[in-house]
Amino acid sequence: MISVEDLTVEFGGFTLLDAVSFVVNKKDRIALVGRNGAGKTTLLRILAGQQEPTRGRVNIPRRTTVGYLPQQMELIGSCTVREEAERAFESVRAMETEIARLNDDMATRTDYGSEAYRQLITRMSSLTEQFSMAGGVNYQAELERTLTGLGFMREDFERPVSEFSGGWRMRIELAKLLLRRPDVLLLDEPTNHLDIESIQWLETFIATRANAVILVSHDRAFINNTTHRTIELELGKLYDYKVKYAEYTELRRERREQQLRAYENQQKKIADTEAFIERFRYKATKAVQVQSRIKQLNRIERIEVDEEDTSLLRLKFPPAPHSGSYPVIAENLSKSYGNNLVFAGVNFTIYRGDKVAFVGKNGAGKSTLVKCIMGETDYEGTLTLGYQVKTGYFAQNQAQLLDERLTVFETVDEVAQGDIRTKIRDILGAFMFGGEASDKKVKVLSGGERSRLAMIRLLLEPVNLLILDEPTNHLDMRSKDVLKNALREFDGTVIVVSHDRDFLDGLVSKVYEFGNHQVSEYLGGIYEFLEHKKMGNLQELELPVGRRETSVIESSSIHPTSSKQAYEIRKEQSRQLKRLQKAVTDAEQRIEQLETAIAVVEMRLSTPEGAADAALYGDYEKLKRELSDAMEEWTKWTMELENTEK
């Protein structure tokens, strides 16, 4: 579908991509991985036609469509969410408008036997067929399903885009992109602005409905669930692995070990050659051999070894100062903004040493509750912080609070205490501030770099209650591993607001779910919580509507015991259910298309010209047979779906 040949990108003498080549095939699901700065976003921009390479070619067939979602974009305007999303169907809406105009024209015409009327019927027939094939019959339903899947409520559809934050505007742009169904979908960190439920919906969409996909993501669980091929960019080179990310990491480790062995052997050979040259450089009898060795040395293609994986660096928080047994107690806590109720009647106790996750849809109140705990907003009810609780807080805007006059090293050095001060350079390297980067001024850092720097400061402060609000959005996988390992060994209390399942897995032992103005407590890890929710959702399909809400409330008191493996099994069953639901929907759409086409033919047969057209009768009979087959197909999928649901 797309072929990349000898692609080279150079910036001021530095080679970012060095003659890389690969092919994107239909239905490929590719994870594009590599360290920050390896060229992932640059490669996506080139594939999207937004940037030109220094050398090389990207070959895209004429009719192949490419859709690109960048990390950042500005979506402005006074239109509503629905109107903005409808821009994905501009061609369909244009056909809809013309069909309406043609219908009005036909209703007023009486010259049924004229050539002009015949042309009108022909145009109407052709346009109706195109409209049906393009999904025009039910595009509004598809639009609403997509917006709902990405977390929008139905009442949001008519709200102006300008009322939404940047993260929600990115969701609108993602919805438009998915609705256009491009042949190749390029996604750069699509999960940064999504909650867990929306990420799972996007996983299902990619698995069942997308065409070719190339994505960049630091969400390990997301790329494992959506891709089956991994392309790594490292030191300007491209390495193509026909495996999922989890298998790629093992193959990459083996490759690096081979590189190290080859590098060490080459270094020994170089050292021996240089020693020979130095020893016999000034002996006339060895001049020929010396010149031969010099030429041999110049011809050697030096082996480069991938940069050291600093995620293995073990960081430890300073010992947590002693605190009371109950760092946070909430009793009948409620919060509203004017007439907008965020949550009400919230009761929970977080014990010393607990590591808990706050999860739920964006806007459900996770960050608001954190602000209540930090004393940054008022509330109703009682919220008590325990004896001698000292809080460390990482907010999503934490990076804006750094002193821009300091260097990266100075920013960390001013909070480091004790022996950790001797390891500041190593810590900075683990978070991609190695070498000269540690001497940069804070004022020249990007938003992502500032976030990482703020996270390092928090790692070094002596606190006993850590509150982290979306800490992983700007960390790559290795940096996230450093942070996760440090948090696991931290002997204080941790509250994490996050949508990153892989980061939460093995870190938290209690989950608080925010939704419907309530906060429900689940004992167990994140995959146990997801497994329990999945089971609850499947059971709800068999319950009367009036009992569904009761089932959800009762489920919060059950202690889940399923493991991550059980969750994956259940998730595969859920995927099978979704595949069957899609097959039923596709069959229904096919039936609608055929019925529309039959109606058009029947309209033509009702005219004198159509009644005399023998070929038209043949088309009519063929469409009727296809409709019968489609009905049988729909019956088969419907029965299979019903059996699976039971």
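The values are calculated or read from the model by the stated rules, or taken from the named source; none is laboratory data. Being a predicted model, the structure only gives us computed values, none of them experimental. Cβ coordinates were reconstructed from backbone atoms using ideal geometry, including for glycine residues, and neighbour counts include every protein chain displayed. In case anyone asks, the SASA skips ligands and DNA or RNA and just uses the protein heavy atoms, side chains included. Shrake-Rupley method; radii C 1.70, N 1.55, O 1.52, S 1.80 Å.
Here are some residues: GLU86, GLU52, GLU74. Which one is modelled with pLDDT under 90 and over 19 Å from the mean Cα position of the chain (by Cα)?
Details: GLU52 fails: modelled with pLDDT under 90; GLU74 fails: over 19 Å from the mean Cα position of the chain (by Cα).
Of GLU86, GLU52, GLU74, the one residue that is modelled with pLDDT under 90 and over 19 Å from the mean Cα position of the chain (by Cα) is GLU86.
Among ARG180, ARG159, which is the only one that is in contact (Cβ under 8 Å) with a residue 60 or more places away in the chain, over 14 Å from the mean Cα position of the chain (by Cα) and closer than 20 Å to TYR68 by Cβ? Even if it seems obvious, please write down each step before you answer.
On the way: ARG159 fails: closer than 20 Å to TYR68 by Cβ.
Just a single option satisfies the conditions, and that option is ARG180.
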Check your understanding: Scanning region 253-303 for residues that are among the basic types (Lys, Arg) and over 49 Å from the mean Cα position of the chain (by Cα), which turns out most open to solvent (accessible area, probe 1.4 Å)?
Key -> ARG279
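For (1) within 25 Å of ARG209 (Cβ to Cβ); (2) within 26 Å of the chain's Cα centre (by Cα); (3) touching a residue at least 12 places away in the same chain (Cβ under 8 Å); (4) surrounded by fewer than 14 Cβ atoms within 10 Å (Cβ to Cβ), each residue gets a yes or a no:
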site	(1), (2), (3), (4)
THR15	no, no, yes, no
PHE22	yes, yes, yes, no
ASN25	yes, yes, yes, yes
ALA31	yes, yes, yes, no
LYS40	yes, yes, yes, no
ILE46	no, yes, yes, no
ARG57	no, no, yes, yes
Practice item. Determine whether region 228-241 contains at least one residue that is under 29 Å from THR148 (Cβ atoms) and either of a type in the set (A, V, I, L, M, F, W, C) or surrounded by 20 or more Cβ atoms within 10 Å (Cβ to Cβ) (or both). Key: no
Review point. So which residues in region 108-130 are open to solvent by less than 100 Å² (accessible area, probe 1.4 Å) and outside any helix (DSSP H, G or I), if there are any at all?
Key: ARG109, ASP111, GLY113, SER114
Point to revise | Residue in region 112-121 that is out of contact with any Cys (no Cβ under 8 Å at 6 or more places or on another chain), modelled with pLDDT of 80 or more and under 30 Å from THR41 (Cβ atoms) present | key: no
Exercise for review: Among the residues of region 167-216, write down those that are modelled with pLDDT under 85, of a type in the set (Val, Ile, Thr) and in contact with a His (Cβ under 7 Å, 6 or more places away or on another chain).
Suggested key: ILE196
Check your understanding: Restricting to helices (runs of 4 or more DSSP H) lying wholly in region 394-491: which have 2 or more residues that are among the β-branched types (Val, Ile, Thr) and modelled with pLDDT under 85?
Key -> 424-430
